[in-house]
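The values are calculated or read from the model by the stated rules, or taken from the named source; none is laboratory data. Nothing here was measured: the structure is a model prediction, and the numbers come from that model. Positions of Cβ are generated from backbone atoms using ideal geometry, with glycine treated the same way; all protein chains shown enter the neighbour counts. These accessible areas exclude ligands, DNA and RNA; they are computed on the full protein's heavy atoms, side chains included. Shrake-Rupley method; radii C 1.70, N 1.55, O 1.52, S 1.80 Å.
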Amino acid sequence: MSHLSLYRKYRSQNFDEIVGQDPIITTLKNAIKNQRISHAYLFTGPRGTGKTSTARIFSKAINCSGKTSPNPCGECDQCVKITKGHALNVIEIDAASNRGIDEIRDLREKIAYKPVEGRYKVYIIDEVHMLTSEAFNALLKTLEEPPADTFFILATTEPQRVPITISSRCQRFDFGRISPDKIAKHIKDIASSEKIKIDDDAISRIARAAEGSLRDALSLIDQLMSYCQGTIKLENVIEVLGTSEPQFLFDFGGAIAEGSEKKILELVDGAVLSGVSIPQLAKDLTYHFRNLLLAKIGSTDILELSKDQVERLKSDSEKFHLGQLKSIIRKLSAAETEMKWHQNSRLVLEVALLEMCGSIEESPVVQEKHERPQVKVPEMKVSKDLFGEIKEKWNDVLLKMKSKSLFGYVSLHEAEPSEIDRSGRLVLSFKKGYSFHKSRVEEPQNKNILEGFIADIVGRNISVACVLSEKNNEPSPKTGQERITADEVAEMFDGKLVS
Ligand SMILES: Nc1ncnc2c1ncn2[C@@H]1O[C@H](COP(=O)(O)OP(=O)(O)O)[C@@H](O)[C@H]1O
Ligand SMILES: [Mg+2]
Ligand SMILES: [Zn+2]
């Protein structure tokens, strides 16, 4: 087998081989047919969507001496040279490199010369948004008075960074992401001519993972070919991507619909064990529930999924009310955001998922004024007995918190009452490495609630102070990250949640 990467080996050689950019291709073909070619084009769009390939085909098409159609013949001297990258009249400049900038600098001098070979000179400037302002100025001057036999194709993934003075002088084509269906078909064709054995569900997963980039899809197959012995299967794709598979997402949907906390925690655990990262899982779940929402409202035509998957989504969406789906998506995206700021992303996701079961209503603790009994207690007269009483009744405090705020409860669970300090405050000691939970309990509204519960239970007002324990009384995780296992969480909830 060739060691040339697939995406190089399978570069489209004529307009009809470009996948999924039909309006652009039609317009270019017509322009060539009618000899109404613009002097400058701006090709925008994500990487791997065909910008460079189209620029090269265009260069061949306008220089081809053997053509009968707008497509280049692929055989004449110019076509062969341009394909190999040896043509002197087709100049590719990478604006992201220093050399690129130098090349633009003396563009104006060079441009004065007639092409040494071929009919037309074509400058293909890739990642044009990377040019320095000096280079942009040089380019602008050239675009203002382009020589008759010279064409420019500027390509960029970030059109908003191209000065308007430049872009307004170009005919612009936006290369769109290629649909999973088209990517899948293209992969199938290449796999059959390369005699690569690959399962259909593996192909669909690759097509979706590529997020519209054919280059990414082909690179992924290259990677899989060196990773797999024999047939490429869905599970191999999932292993390589480190992502979750659709079935798995449907399982999550089912567990949430049933309100089975236990199942949810097991699924999270399973996902982690199989190597899915928590942020990826959150992303996949958000995607899945968005699909369910779209299926629910009947907008399945914008879903880029197989017919089977769409059917499955439709029937699964019956399990939810529209409002539920919206609220789940909101909770998931809030969790995704929150995860970025907390090390304990697993806990954030688990709590978010448990909340979706609807068994626990996370009360907006901020607004609620807790009615606490106003018991007057002489400030300094705190005894050992009070501490003893608190310790003894701590579980009741935890239970009260559990019924109030799931987040508060999970965090409070990581603390232990350690003493009453000199100013009469109850000191809560958090295990080393659990500062995330400490700061959550310290949030004024949570602390206020907690102090209220303590007052309810021991009949006295007492304020709370949180500290981090010095001693490492926790089998510290190797990664140095805070972690709480699904078992621990399940244990905390006794397998069920209080409503
Ligand atoms: N629209 C497309 N049709 C067919 N192949 C494509 C397409 N877009 C990308 N490819 C594949 O990806 C490779 C890189 O594409 P390229 O044209 O360099 O993308 P871009 O310049 O947009 O990043 C090509 O060699 C080809 O294998
Ligand atoms: Mg390119
Ligand atoms: Zn030719």
*Using the alpha-carbon atoms, what tilt in degrees (0 to 90, nearest 10) does helix 214-227 show relative to the longest principal axis of the chain?*
70 degrees
*Calculate one ³J(HN,Hα) per residue across the stretch 441-457 by plugging θ = phi - 60° into the Karplus curve 6.51 cos²θ - 1.76 cosθ + 1.60, and present them in order as whole Hz with x for glycine and proline.*
5, 6, 4, x, 5, 5, 5, 4, 4, 4, 4, x, 4, 4, 4, 4, 7
*Please work out the average accessible area per residue across the stretch 6-174, using the 1.4 Å probe convention, and give it in Å².*
49 Å²
*Non-local amide H neighbours of GLY433 (under 5 Å, H modeled in plane, Pro and chain starts lacking H): which ones?*
none
_Exposure of LEU273 as accessible area (Å², to 10), given a probe of 1.4 Å and all protein chains_ = 140 Å²
*How much of the accessible area of the stretch 246-356, in percent, comes from carbon and sulfur atoms when a 1.4 Å probe is used?*
53 percent
*Under the classification rounded if a/c is under 1.5, otherwise prolate if a/b is larger than b/c and oblate if not, where does the stretch 246-356 fall, given a ≥ b ≥ c as square roots of the Cα gyration tensor eigenvalues?*
prolate
*List the residues whose amide H sits under 5 Å from the amide H of ALA155, counting only those 5 or more places along or on another chain, with H placed 1.01 Å from N in the peptide plane.*
PHE43, ILE125, ASP126, GLU127, VAL128
*Could you give me the ³J(HN,Hα) list for the stretch 347-355, computed from phi with Karplus coefficients 6.51, -1.76, 1.60 and θ = phi - 60°, whole Hz, x at Gly and Pro?*
4, 4, 5, 4, 5, 4, 5, 5, 4
*asked:* Explain nothing, just the number: dipole magnitude of the chain about its Cα centre with +1 on each Lys and Arg Cβ and -1 on each Asp and Glu Cβ, in debye rounded to the nearest 20.
replied: 1340 debye
*Is the stretch 72-179 best put as rounded, prolate or oblate by its Cα gyration tensor, with a ≥ b ≥ c the root eigenvalues, rounded for a/c under 1.5, and otherwise prolate when a/b is larger than b/c, oblate when not?*
oblate
_To test your reading of the geometry: what angle, between 0 and 90 degrees and rounded to tens, separates the Cα axis of helix 384-404 from the longest principal axis of the chain?_
40 degrees
*With the contact rule set at Cα under 8 Å and sequence spacing of 6 or more, what percent relative contact order holds for the stretch 180-241?*
39 percent
*Among LYS188/LYS314; LYS188/LYS319; LYS262/LYS431; LYS263/LYS391, which pairs are too far apart, with a Cα-Cα distance over 30 Å?*
LYS188/LYS319; LYS263/LYS391
*Is it possible to state the helix-based mean residue ellipticity at 222 nm for the chain, with each DSSP H run of 4+ residues giving -39500 (n - 2.57), the sum divided by total residues, to the nearest 500 deg cm²/dmol? What is it?*
-16000 deg cm²/dmol
*For VAL122, which sequence-distant residues (separation of 5 or more, or a different chain) have an amide H within less than 5 Å of its own amide H, given hydrogens modelled in the peptide plane?*
VAL90, ILE91, PHE151
*Among the lysines, which fall within straight-line cross-link reach of LYS185, defined as a Cα-Cα distance under 22 Å, with same-chain neighbours fewer than 8 residues apart omitted?*
LYS9, LYS51, LYS195, LYS197, LYS233, LYS307
_So for the chain, averaging the separation of alpha carbon pairs under 8 Å that are six or more residues apart and normalising by length, what relative contact order in percent results?_
11 percent
*Report Rg(Cα)/(2.2 N^0.38 Å) for the chain, keeping two decimals.*
1.35
*Sorted by accessible area (1.4 Å probe), largest first, how do TRP394, TRP341 line up?*
TRP341, TRP394
*Once phi is turned into ³J(HN,Hα) by the Karplus curve 6.51 cos²θ - 1.76 cosθ + 1.60 with θ = phi - 60°, what whole-Hz value does each residue of the stretch 167-184 show in order, with x for glycine and proline?*
5, 5, 9, 10, 7, 9, 10, 9, 7, x, 4, 8, 5, x, 4, 5, 4, 4
*On a 0 to 90° scale, report how tilted helix 278-296 is relative to the longest principal axis of the chain, with both axes built from alpha carbons and the result rounded to the nearest 10.*
80 degrees
